[in-house]
Structures are given as structure tokens and as C-alpha cells.
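Notes follow the structure.
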Number of protein chains: 2
Amino acid sequence: MSDDTPRTPAELRRACRDGRWDRPTAGVAGGSVQANLVVVPREAAFDFLLFCQRNPKPCPVIEVVEAGRVEPACAPGADLRTDLPRYRVYRDGKLAGERAEVRDLWRDDLVSFLIGCSFSFEEALSAAGVPLRHVESCSNVPMYRTAVATAAAGRFRGPLVVSMRPVPAAQVALAVQVTARFERVHGAPVHVGAPEALGIRDLSRPDWGDPVEIRPGELPVFWACGVTPQAAVLASGLPFCITHAPGHMFVTDLANASLATGG
Amino acid sequence: MSDDTPRTPAELRRACRDGRWDRPTAGVAGGSVQANLVVVPREAAFDFLLFCQRNPKPCPVIEVVEAGRVEPACAPGADLRTDLPRYRVYRDGKLAGERAEVRDLWRDDLVSFLIGCSFSFEEALSAAGVPLRHVESCSNVPMYRTAVATAAAGRFRGPLVVSMRPVPAAQVALAVQVTARFERVHGAPVHVGAPEALGIRDLSRPDWGDPVEIRPGELPVFWACGVTPQAAVLASGLPFCITHAPGHMFVTDLANASLATGG
């Protein structure tokens, strides 16, 4: 990283706000919890919170910021309208543009959801010695739409989306134990091996992200993915919503370690 | 128990519906999850669900049943309006009566929350050999209002309420480990020993339930309590709400064991 790479969450958020940072946030301000952002009008907020409550593995809520507020408790001084590097705006379920900030689009009835992401447990996997192929190959983790339905809530429904990491057979149990401690950020895998049982036909063709090599002696291990709630929101055809742009997350002041059980 | 004691959750619910059971549910249909009931109008449902999300230890949501529905997924065939032994009705935050059923009061805008209770982890404590003084003495567990504030959400706020069980010093760690596995029903204790640090002045004078003896060599151990959300709802002065009567819970078809981590 260059010398001007922000070192703390507050520095990163300030750089986003000032237009000095518009890149993905992977690896920035290491050790801090990064979150998916989903912003919906108040009239849809109960159903969306209930969707998250019913599907805690793919939709682990870090914090909900009520209508009329833009400063989360997990990041004092932050402004959710400006402090992410890049946003996506959707109208009637269709992408209506990408923005560096959304101040001019903000409305008093918008409720913001910060949802955990796998960066938190990947740090722990890596520390435990479990290799992360997509990191080694500088690509995005492969993600797949499954044949498993989420539990619907109001207008929100759709398939479970999973991310996949190849794990050496001897480390599968370790990978389960390490991630199981992170219930607030997807937790233990939803599936080990047998992609066909999830309705995934071809691991080399992910629905999002990039394919990764699975080497002899490795098993594909599947974790619930934060794309699940995003896909449910888009499929609902909601008149208006805002999300982060893929990979351009909100960086909180929370420590990843604080999300582990007992943390 | 007499011969006519219901043996399954469905039998117990049917007996309630038919007016053949109006007593507390402690110890009935052992092994099944029993739940607190809180019913609020839809306009307050988002704030109440958010209150539960922000305070997961005292408010572990088992299931939310949306407006227009009275049959929870955790108890197929059940009717929340008739299948509890006893209800309390509140108007403007004040008790407006106890009822054996609430069919005539039901409205299409009512949202029902089923919230976990400590019966689930008490079964596990008992199985692990941790004595339960209030069960031995056939009394209600003592509960205390603390000086610890919950995280507010909209109109809902108030103190954390805890239940207390005296645990022999040598078994405190065991009691923590056993209950920590039950995150969906209050989980690990919020405090061990030192009631004054919670703002509790006199253990012999609980705010709810009955006092229990603490013997030499025992420590008072405090768990987050499901009275917390009830107290917050009442203090909010909500125009209308319905709850179970104390001790008269909704008995689900879920197994207590299914609420343990990994279950």
C-alpha cells in the first residue's frame, strides 16, 4: 500500500468523505469490522429487519440506524451518506447509478442497515493458518446462488447466496471451529463439499466474484453470504434503495475480535 | 403431576384452547421451548423488533408472527389468541385485565413476538448438575431491576432486568459454559457476584418473583431476563398490547436442545 493509505477506520472514512479514496476497502484498516450497507425507506424497514432476523446467517445485523440519523454508534462522527468509497442507487429494483456520495439523494425516511461481512472471519481464518485462495490470487471470492430458499418476510424473499473457499481436507474442522465463533458475521459454514446438494452445478462459473482453483485434497466449503439480503432487496422491486458498491464497504470502529463469541 | 397433565406441546395448547388448562407452564411438556409473548400494534413493531435486535441477551427473539397471522411456524396448528393458559391486556401502559383467551380483542394490525425464556437453559443447567434453588423451593426465580440501561429503540427503553440463581463457587464456570451455548435464550450470565455493581441493593427483596437462600460458598449469578422487554413495552405507554401472564407461557414444538449453539 502507498503511504497515503488510511491506517484507521476514521482516516478511511474521512478520505472517502473528502474524495481522496474511491477504491475497494479489502485489507484497509486491518482488524476493523467492515459492513455491507442497505438503506431502505421506513415503510419497508420492519419487513427487512424481520427478513434479517429470520435469516441470521446470511444477514447478520451489526447495527440499524433509524430514519433521521446518519451517524452509527459503531463509528462515532461518521456520516453514512458520504463515508463509503462508492454507493449504488436502485429505483424499482433496477440499478439507477453509482455515486461517490448520496447526500443529495438522502431523505428523512431512510433507515440504514449495516450487515456483517466475511472480511471479519477471513482475518481469523488466515491467522489460524487456513489459506484463502481468492486472496492469494488477488481476486474476489466466488459467490453462488443456491437452490436453498431464505425464510421470506413481507416482500423480501429469494435464494440463499453462499461464498466458497477451498479448504484442505485436514483443515476443514479447523475452518468450521474458527468461523463458528463469528456468529455475528455469518458464522460456521452452511455446507461442506457436495455443491450439487446446494443446487450449484458448476463451481467454475460463480454468479458473483471470480472462480478459484480447487486443488487435489481440498474441499469446497460454503458460507452464507451478505449478497443474500442485497439480492432480496433488489428482487423485491422496492421503489428506492441505496447500497454500498460491491467491495466498497463501510468501515466501522469495531474490532473484528469483538464479534467472536464472548467478545 | 396428575394423569390429565398434557404430555406434548400440542396437547398443552389444545387444553388451553379448550379451557382445560389455566395453570403455569413450568415443567409441562419437558424438553420443549417455552416463550414469552408480546403483542403490539404494527405501528410499534419496527421499534420493538429493533429494541430486541439491540438487546439480544434479554430479548432473544424466537419468532415474529406478522400482522394478520396467529399461527407461528414453531407450533403448526397453534393459535396465539387461545393457546396460552392466561393473558394480560394493557391499555396505555396499564394493566386492563387478565384473560383466558383474547380472540375478541384481536385486531388485524397486531404483530406477535415470541421471546425465549430461561426454562430452556435451566433444563441444561439441571442436567449438568447445577442446583436450581428456586425449583427446589417451588418458588419463582427472583428477578431484579438493575442500574444498567438497555439500548433504546424508538419509544422502547428502560433498565436491564436480571434473574438470579445462587451457584456453588466450584460450579460457576460450568454454569457459564452450559448457558453460553444457549445464545437464543439469554445465553451466558451478564454478571457473576457483586450485585451492588448492578445497582441491586438487597438480594432478599427482588422486584419480581421470590427471594431464595444464598448458602455459604455460593455466588449470586445473574442472567438477562425476559421481563426486560415486557417492562420496556409497559413503560412506553403503548395504547394497546397483550402479553402472557407471568409463568403462563406459550409452549412451542421446538426442542430446547435445538437452541444450543450448533443446534
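The values are calculated or read from the model by the stated rules, or taken from the named source; none is laboratory data. These numbers come from a predicted model, not from an experiment. Here Cβ is always computed from backbone atoms with ideal geometry, including for glycine, and neighbour counts include all displayed protein chains. Side chains are part of the model used for accessible areas, which takes the heavy atoms of the whole protein and leaves out ligands, DNA and RNA. Shrake-Rupley method; radii C 1.70, N 1.55, O 1.52, S 1.80 Å.
Couple of notes before you dig in:
- As a summary of the residue check, B:GLN230 satisfies the conditions (1) more than 13 Å from the chain's Cα centre (by Cα); (2) away from chain A (no Cβ under 14 Å); (3) not in a strand (DSSP E or B) except for the one numbered (1).
- Among residues that are surrounded by 18 or more Cβ atoms within 10 Å (Cβ to Cβ), more than 28 Å from B:VAL28 (Cβ to Cβ) and charged (D, E, K, R), B:ARG145 is included.
- If the condition is being open to solvent by 20 Å² or more (accessible area, probe 1.4 Å), of a type outside the set (A, V, I, L, M, F, W, C) and part of a strand (DSSP E or B), then the range B:92-122 contributes B:LYS94, B:GLY97, B:GLU98, B:ARG99.
- Among the residues of the range A:45-59, just one is open to solvent by 10 Å² or more (accessible area, probe 1.4 Å), within 11 Å of chain B (Cβ to nearest Cβ) and touching a Ser or Thr at 6+ places or on another chain (Cβ under 8 Å), namely A:ARG54.
- Once the range B:27-44 is narrowed to residues that are surrounded by fewer than 17 Cβ atoms within 10 Å (Cβ to Cβ) and more than 14 Å from chain A (Cβ to nearest Cβ), the residue that is modelled with the lowest pLDDT is B:GLY27.
- Among the residues of the range B:181-225, those that are assigned to a helix (DSSP H, G or I), open to solvent by less than 40 Å² (accessible area, probe 1.4 Å) and in contact with a Leu (Cβ under 7 Å, 6 or more places away or on another chain) comprise B:VAL185, B:PRO195.
- Checked against (1) out of contact with any helix residue (DSSP H, G or I) (no Cβ under 9 Å at 6 or more places or on another chain); (2) hydroxyl-bearing (Ser, Thr, Tyr); (3) more than 17 Å from A:VAL233 (Cβ to Cβ), A:SER112 passes all but condition (3).
- Flag if A:VAL89 is in contact with a strand residue (DSSP E or B) (Cβ under 7 Å, 6 or more places away or on another chain), touching a residue at least 12 places away in the same chain (Cβ under 8 Å), farther than 24 Å from B:CYS52 by Cβ and not in a loop (DSSP other than H, G, I, E, B): yes
Residue by residue, here is whether (1) free of Cβ contacts under 8 Å to residues at least 40 places away in the same chain; (2) farther than 30 Å from A:ASP109 by Cβ holds:
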residue: B:ALA128; (1), (2): no, yes
residue: B:LEU132; (1), (2): yes, yes
residue: B:PRO142; (1), (2): no, yes
residue: B:ARG157; (1), (2): no, no
residue: B:LEU160; (1), (2): no, yes
residue: B:PRO168; (1), (2): no, yes
residue: B:GLN171; (1), (2): no, yes
residue: B:GLN177; (1), (2): yes, yes
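- The number of residues in the range A:126-180 being within 14 Å of chain B (Cβ to nearest Cβ), of a type in the set (D, E, K, R) and under 19 Å from the mean Cα position of the chain (by Cα) comes to 1.
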